[in-house]
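**Student:** Pasting a structure here, questions to come.
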Amino acid sequence: MSEHTALIAPAAAEFAAILRGIGESDLSARTPCAEYDVRALLNHLLYWGPWLEAAGRKTAPPEVSTGEAEADLVGGEWLADIEKQTARLVDVFGASEAWQGQTTFGGNPMPASMAGYMVLDEFVFHGWDLARATGAEFAVLPEVADAVYAIALEIGDQARAMKVYGEEVAVADDATPFERALGASGRDPGWTP
């Protein structure tokens, strides 16, 4: 899985560019994730980021007193918080050690590569979700698109069973690899608010 380490930084850079374009008025905008508006999706990212970091470092997860739905992490410094978190995830998952062996996430054992897949998915799929919600352009390098498509095919059934992906969405025969990845993850590439 070390071939994915080189994809983390460019995926994170595009993700961060989208974050920096989000204004206060965008926080209530709907996203392609039916249960999330922009604020809730940012809250989701801020809540689970430390768990992913711990999985990558193979250390104990953070101690929390509330679940994601009860957490209110999108305060006045949310952008700085998520940029720092993104930088830490790039640092961890940009190293091949994070992808090797076993780890745990949410108390559940899993291959460490699965945690890496989750980080790449968070940057790319949720980056696209936020871009769509706010009207921003989202650029994906071809090698990143190919990787998330392969990941979506590999883990799709498991991710759908865990309610991480939605039901697969059919895409056009001439769809790009990224549009195919979106469809495989349960997203409609043509979604608009």
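**Student:** With unit charges on the beta carbons (Lys and Arg positive, Asp and Glu negative) and the dipole taken about the Cα centre of the stretch 95-193, which residue among 153, 169, 133 sits farthest to the positive side?
**Tutor:** Toward the positive end, the furthest listed residue is 133.
**Student:** I want to check the label-to-label distance for residue 70 and residue 37. Put each point 7 Å from Cα in the C-beta direction and report it in nm to one decimal.
**Tutor:** 2.3 nm
**Student:** Within 10 Å, count the other beta carbons around each residue, average over each peptide in 43-50, 112-119, 56-63, and list them highest first.
**Tutor:** 112-119, 43-50, 56-63
**Student:** So, by mean Cβ neighbours within 10 angstrom, what's the order for 5-17, 71-83 with the highest one leading?
**Tutor:** 5-17, 71-83
**Student:** Could you work out what % of the accessible surface of the stretch 100-193 is carbon and sulfur, using a 1.4 angstrom probe and leaving DNA, RNA and ligands out of the count?
**Tutor:** Ligands and nucleic acids excluded, carbon and sulfur reach 52 percent.
**Student:** Averaged per residue, what accessible area in Å² does the stretch 12-107 show with a 1.4 Å probe, protein chains only?
**Tutor:** It amounts to 50 Å² per residue over the stretch 12-107.
**Student:** How far apart, in nm, are two points set 7 Å out from the Cα along the Cα-to-Cβ line at residue 172 and at residue 138?
**Tutor:** 1.8 nm
**Student:** Mind giving me the FRET efficiency for residue 83 and residue 146? R0 is 22 Å, r the Cβ-Cβ distance, nearest 0.05 is fine.
**Tutor:** The calculated FRET efficiency here is 0.25.
**Student:** Measure out, as a whole number of angstrom, how far apart the alpha-carbon centroids of the stretch 1-62 and the stretch 86-120 sit.
**Tutor:** 14 Å
**Student:** Can I ask one more? Report, in debye and to the nearest 20, how large the dipole of the chain comes out about its Cα centre when Lys and Arg carry +1 and Asp and Glu carry -1 on their Cβ.
**Tutor:** About 300 debye.
**Student:** Full extension from residue 110 to residue 3: what is 0.36 nm times the residue separation minus their Cα-Cα distance, to one decimal in nm?
**Tutor:** 36.6 nm
**Student:** Taking square-rooted eigenvalues a ≥ b ≥ c of the alpha carbon gyration tensor, is the chain rounded, prolate or oblate, where a/c under 1.5 means rounded and, failing that, a/b exceeding b/c means prolate?
**Tutor:** rounded
**Student:** Right, here's the next one. If packing is taken as the average count of other Cβ atoms within 10 Å, what order do 92-99, 120-127 fall into, highest mean first?
**Tutor:** 120-127, 92-99
**Student:** Which of the three applies to the stretch 43-83, rounded, prolate or oblate, going by the alpha-carbon gyration tensor with a ≥ b ≥ c and a/c under 1.5 meaning rounded?
**Tutor:** It is oblate, given that a/c is not under 1.5 and a/b is not larger than b/c.
The values are calculated or read from the model by the stated rules, or taken from the named source; none is laboratory data. Quick caveat: nothing in here was measured; it's all calculated off a predicted structure. A quick note on method: Cβ atoms are made from the backbone with ideal geometry, for glycine too, and the neighbour counts reach across all protein chains shown. Side chains included, ligands, DNA and RNA excluded: accessible areas come from the protein's heavy atoms. Shrake-Rupley method; radii C 1.70, N 1.55, O 1.52, S 1.80 Å.
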